[in-house]
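Undergrad: I am attaching a structure below and will ask some questions about it afterwards.
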């Protein structure tokens, strides 16, 4: 009888090695497409694929922005591939800043775990700024694709987790996009209204050329 | 003139061997991803790919649950790959039961063809049970991911077809998930409120260990 | 203790009357949008909303095409609203035909329950015809938006169920679209290559004017 | 000149009061549909709509399961409406348990902030259990619709945040669904393989009848 | 300091060669699936991948329909792969016609750049014809999957661009689908109500057999 | 007989006034949600709803940026509601510029109709700039959410049409978002690395305060 039951389940579950797609742990060595990475063979998947331990340790904030973002996106944590969400750890030393940026591929939800953070975003429809100081336990949502920022507004290090509605939300930091590559100074000036001296100064700071 | 017309159509249709994606019959040997299987080369696709003949014959109901589910999901019927739907045949001998289960990946629509079936589901929002006896020609819809069941409530064998809003809806039978694997008895007890004796009894019946 | 447990569940489930969206039975009297109908208040939903009994009876095939399609789409069966699938009953008397048509909004899966049906579709990428005679228990899938047809190819009435990957798949019968309205004869001629006499004849048969 | 610039932006942004949909803060008093709540008028939206402060305080774990889930789903935090994600706080006292459950509408990502938690899920394709003990900073992902659980496996209270790939993921606790309503005892027995005594005992504990 | 900043960005951006999916320029040589082509390695992508120059030149309208459609769909312009849109150039000589057709995979938006075009579509829900003469600068939208047509209604050549809500919208020209392949004459007759002579005549014109 | 045929079609098409959703012309006066506007009653829809004539006339480029964008997005052209695409006209006088901006809700495809335009975007994954001078007939695609710009690089006025993969793509001009509102100068400085004088200068130019 039990064999019969197994027979049924076998018929349903096991008639193909690729069977049903409960999950699709990304295999970064295979071709990938618009929907994400190809799936690792289920027979090689273990519980360790579903656990990511890199967010337990503070990132190194000894840098220009006194901030560190440690992502668990699909490239770092392939188990989120195809599941529509991901997470990152955000460490902000005193005076730390996550500069103005946007995520092309998803909305963001931040929860403050330690310290206090001034966070805000700018709407595109009416160019209005929405910002507020958040304390431990406060959660704020940043709608997809809009410019936003986070600043440590307290006297102690701050810690937050940020989650996204995509396994690969992307991250475009405005200053880095404008001044950290070889986009010619003249084009930067004309498309941002900034003056030449400012553009050149920031190119020097952020590693840009041209 | 006709050549010219063909020229236009060629320009549109034939400039790539992968051309337009009318369909994507799954090739189970290629890598697959979150959106489904890779496509079989259209040049090798014939009408037989679009036809599945396995649902014409009753499944074997000589088993513990006196029921048989014969699926035509993407692994069995690769033509549904990427098309957002699939089907299965459900045979219920007298006293047959499809135990409490859910489909992680899609909603279900059942139509009774023969006999009568008591079917129901439980909502998550208010924990309410919706169940009813269905007769030949009756159709019932089971919203995505919710626990539901079907029982032959008549004196004759029952036959139904169940269709899904996904080519790979998945199927998780609660009892099998709880008692048919090596999830330690203590964890089952603590997460289900069942007592040890019951858990051990069902592990024995359903092939579980630990 | 049980009160406490209820308290938790209440917090989760009941803090809004609109709560979680397990389902969204359509309320045809409210505004509707691109994703479907507005939801009927869950407090007014009963099991009868999830059951549709109209497919148990043969449709009337005493008509030009000796066929009848009885739909359980969202307008007839509002419980499928938002769930991504629907169903219809197809009756074909001897010599019955479902004329060449397409569904703008979804793929179709047909299962023959009685009789035999010659069914086919035409791909857009290479203009190839895929057709076959189907017998009881055979299932065939018709990819979204492509022209297809079904003809009773046997000596007895045929019965099939057709399911769709959308609650509102739509149905555009080519002949009816071309000849059953006031599209001027000259425009029909020029866009179909048919001659005037043929267009006028079919307009007369199918109720068209102009 | 500035007026001219404003004129351009006005043309783009302001020609409709409903303008562009940067966000759609839910208005729980309006009709809602399969895609979520209707939007609150943008002119009434303030930064406070985007901030939820309810997750800073431990939930009350003085209950049967020594656990508390505090959700910030669309009904509680209407700013996540339409944005594809949500969050909840999970408090587990010593011996606390989130019983076996599933989310019909989304995948879950858990991050441990305090204590240690044994968490796991059961796949539907091969009925395999994936479970592990997680420590502070560990993140685990639970694919959509699959049964999973969390247990405090340490000697201190545990705290985690759980995020979802949907603003309304739903939550169906298996034991509560089976024993906490009026699903007749006989139907529970037949669909779960549990014996009558066990079903009646749990109905008594979990508030079920019938 | 700059090194530190680079370190952060490296951590985010560069920990995988497949990194974040800003875009997925199709690689037509790799396997492809329901969501589109596999992505070309970003390291081989240049600005030229994002630019398509084939729409600057009039198509050859010396053909039966005095029309030419030059597509920049995913097969011709792989940069649109996964981005949800595509474009084509439409040239209509005097008396040129784009015959009745539909796009199985997307909606269309046409903008007239030169000349005047009579364009229309037929709804499926009420079989109503919506058509109008469009002049330079006019835009018309054709909802997904519905039959529509365009005719040069002026005395000069007309030019339009047509864009689609899919990188691979497909194109099914009704007359070509009915008469340009080996679908047996009898099946065409029975599924279209056309008479045998007409079917045979058009099969001859459009290259059909059978 | 024709009555019978009509009876079938009536059964299918007309059993609900809201029938099948071929299209959903937005009614801006009704509630709207994450998927778009509510639908205008089909009985009030005419062909004029599907035609937008506002793109035939050059926008006024007598402004700071010597550019004009004339949108036909869902608020201006409600017929695109729910159809997944929209369009706008772009006029660039000599030296005209569309400043650095992004579209939170969709990808963009530009086609040059007149003049020449230097256009580019910046990837988020590797901060690389992709830019090129485009001539009449050239098409360029800008992936969703990424910063991009267009500049008239010729000696004559330029004209282009830009289409989007969303009926409401949004438009966030970086300089306007940073300097054209009341975001405090100090926050702008800290989140962009710009110095105070520059921020104040641009706030003055672009209408910002604080």
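The values are calculated or read from the model by the stated rules, or taken from the named source; none is laboratory data. Note that the coordinates shown come from a computational prediction; the quantities given were computed from them, not determined experimentally. Ideal geometry is used to build each Cβ from the backbone, glycine not excepted, and the neighbour counts take in all protein chains shown.
Undergrad: Please work out if residue A:137 is at pLDDT below 95, in a loop (DSSP other than H, G, I, E, B) and farther than 28 Å from residue D:41 by Cβ. Reasoning before the result, please.
TA: Numbers: at pLDDT below 95: no; in a loop (DSSP other than H, G, I, E, B): yes; farther than 28 Å from residue D:41 by Cβ: yes.
Taking the combined requirement at face value, the residue does not satisfy it.
Undergrad: Yes or no: region D:181-188 includes at least one residue that is surrounded by 23 or more Cβ atoms within 10 Å (Cβ to Cβ), out of contact with any helix residue (DSSP H, G or I) (no Cβ under 8 Å at 6 or more places or on another chain) and at pLDDT 95 or above.
TA: For region D:181-188, residues surrounded by 23 or more Cβ atoms within 10 Å (Cβ to Cβ), out of contact with any helix residue (DSSP H, G or I) (no Cβ under 8 Å at 6 or more places or on another chain) and at pLDDT 95 or above: present.
Undergrad: Anything in region D:68-97 that is outside any loop (DSSP other than H, G, I, E, B) and either facing another protein chain (nearest Cβ under 7 Å) or without any contact (Cβ under 8 Å) to a residue 40 or more places away in the chain (or both)? List them, or say none. Steps first, please.
TA: Here is the first cut: in region D:68-97, the ones outside any loop (DSSP other than H, G, I, E, B) are D:68-72, D:78-80, D:86-92, D:97.
Of everything in region D:68-97, those that are outside any loop (DSSP other than H, G, I, E, B) and either facing another protein chain (nearest Cβ under 7 Å) or without any contact (Cβ under 8 Å) to a residue 40 or more places away in the chain (or both) turn out to be D:68, D:69, D:70, D:71, D:72, D:79, D:80, D:87, D:97.
Undergrad: Still on this structure: If you go through region E:161-209, how many residues are on the phi > 0 side of the Ramachandran plot and more than 14 Å from chain F (Cβ to nearest Cβ)? Spell out how you get there, then give the answer.
TA: Kept after step one, since they are on the phi > 0 side of the Ramachandran plot, are these residues of region E:161-209: E:170, E:193, E:207.
So of that shortlist, the ones also more than 14 Å from chain F (Cβ to nearest Cβ) come out as E:170, E:207.
Within region E:161-209, residues that are on the phi > 0 side of the Ramachandran plot and more than 14 Å from chain F (Cβ to nearest Cβ) number 2.
Undergrad: Shifting gears a bit: Quick one: residue B:54 ticks every box in (1) within 21 Å of residue A:37 (Cα to Cα); (2) modelled with pLDDT under 95 bar one, so which box is it?
TA: Here residue B:54 meets the rest and fails (1).
Undergrad: Let me ask something else. Select from region F:51-67 the residues that are assigned to a loop (DSSP other than H, G, I, E, B) and under 30 Å from residue E:168 (Cα atoms) and write down the one among them that is nearest to the other protein chains (Cβ to nearest Cβ). Reasoning before the result, please.
TA: Applying the first criterion (assigned to a loop (DSSP other than H, G, I, E, B)) to region F:51-67 yields F:53-66.
Right, trim to under 30 Å from residue E:168 (Cα atoms) and you get F:53-56.
Working: F:53: 5, F:54: 8, F:55: 5, F:56: 2 Å.
This residue is F:56.
Undergrad: Which condition number does residue B:114 fail, the rest of (1) buried (at least 21 other Cβ atoms within 10 Å of the Cβ); (2) farther than 22 Å from residue B:172 by Cα; (3) out of contact with any helix residue (DSSP H, G or I) (no Cβ under 8 Å at 6 or more places or on another chain) being met?
TA: With (1) buried (at least 21 other Cβ atoms within 10 Å of the Cβ); (2) farther than 22 Å from residue B:172 by Cα; (3) out of contact with any helix residue (DSSP H, G or I) (no Cβ under 8 Å at 6 or more places or on another chain) applied to residue B:114, the lone miss is (1).
Undergrad: Being in contact with a helix residue (DSSP H, G or I) (Cβ under 8 Å, 6 or more places away or on another chain), surrounded by fewer than 16 Cβ atoms within 10 Å (Cβ to Cβ) and modelled with pLDDT under 95, is that true of even one residue in region E:5-23?
TA: Among the residues of region E:5-23, at least one is in contact with a helix residue (DSSP H, G or I) (Cβ under 8 Å, 6 or more places away or on another chain), surrounded by fewer than 16 Cβ atoms within 10 Å (Cβ to Cβ) and modelled with pLDDT under 95, which makes the answer yes.
Undergrad: Considering (1) within 14 Å of chain B (Cβ to nearest Cβ); (2) closer than 22 Å to residue A:163 by Cα, say which one residue D:100 fails and leave the rest.
TA: Looking at each condition in turn, residue D:100 falls short on (2).
Undergrad: Where the second residue is at pLDDT below 95 and the first is more than 23 Å from residue F:103 (Cα to Cα) and lies in region F:177-200, which pairs have Cβ atoms under 6 Å and are six or more apart or on separate chains?
TA: From region F:177-200, the pairs are F:184/F:210.
Undergrad: When you go through (1) more than 8 Å from chain B (Cβ to nearest Cβ); (2) at negative phi one by one for residue C:115, which number turns out not to apply?
TA: (2)
Undergrad: Checking residue E:157 against (1) closer than 30 Å to residue C:133 by Cβ; (2) touching a residue at least 12 places away in the same chain (Cβ under 8 Å); (3) surrounded by fewer than 24 Cβ atoms within 10 Å (Cβ to Cβ), which test does it fail?
TA: With (1) closer than 30 Å to residue C:133 by Cβ; (2) touching a residue at least 12 places away in the same chain (Cβ under 8 Å); (3) surrounded by fewer than 24 Cβ atoms within 10 Å (Cβ to Cβ) applied to residue E:157, the lone miss is (1).
Undergrad: Which residues, counting only those in region A:121-147, are crowded, with 23+ Cβ neighbours inside 10 Å and touching a residue at least 24 places away in the same chain (Cβ under 8 Å)?
TA: A:121, A:122, A:134, A:139, A:140, A:141, A:142, A:143, A:144, A:145, A:146, A:147
Undergrad: When you go through E:94, E:80 one by one, which is the residue that is buried (at least 24 other Cβ atoms within 10 Å of the Cβ), over 25 Å from residue C:147 (Cα atoms) and in the same structural domain as residue E:160 (by TED's automatic domain parsing)?
TA: On the way: E:94 fails: buried (at least 24 other Cβ atoms within 10 Å of the Cβ).
It is E:80.
Undergrad: Taking region E:37-50, which residues are modelled with pLDDT of 95 or more and either in a helix (DSSP H, G or I) or in contact with a helix residue (DSSP H, G or I) (Cβ under 8 Å, 6 or more places away or on another chain) (or both)?
TA: Answer for region E:37-50, where residues must be modelled with pLDDT of 95 or more and either in a helix (DSSP H, G or I) or in contact with a helix residue (DSSP H, G or I) (Cβ under 8 Å, 6 or more places away or on another chain) (or both): E:37, E:40, E:44, E:47, E:48, E:49, E:50.
Undergrad: Does region B:39-65 hold any residues that are surrounded by 18 or more Cβ atoms within 10 Å (Cβ to Cβ) and farther than 12 Å from residue C:139 by Cα, and which are they?
TA: Hits for region B:39-65 are B:39, B:40, B:42, B:45, B:59, B:61, B:63, B:65.
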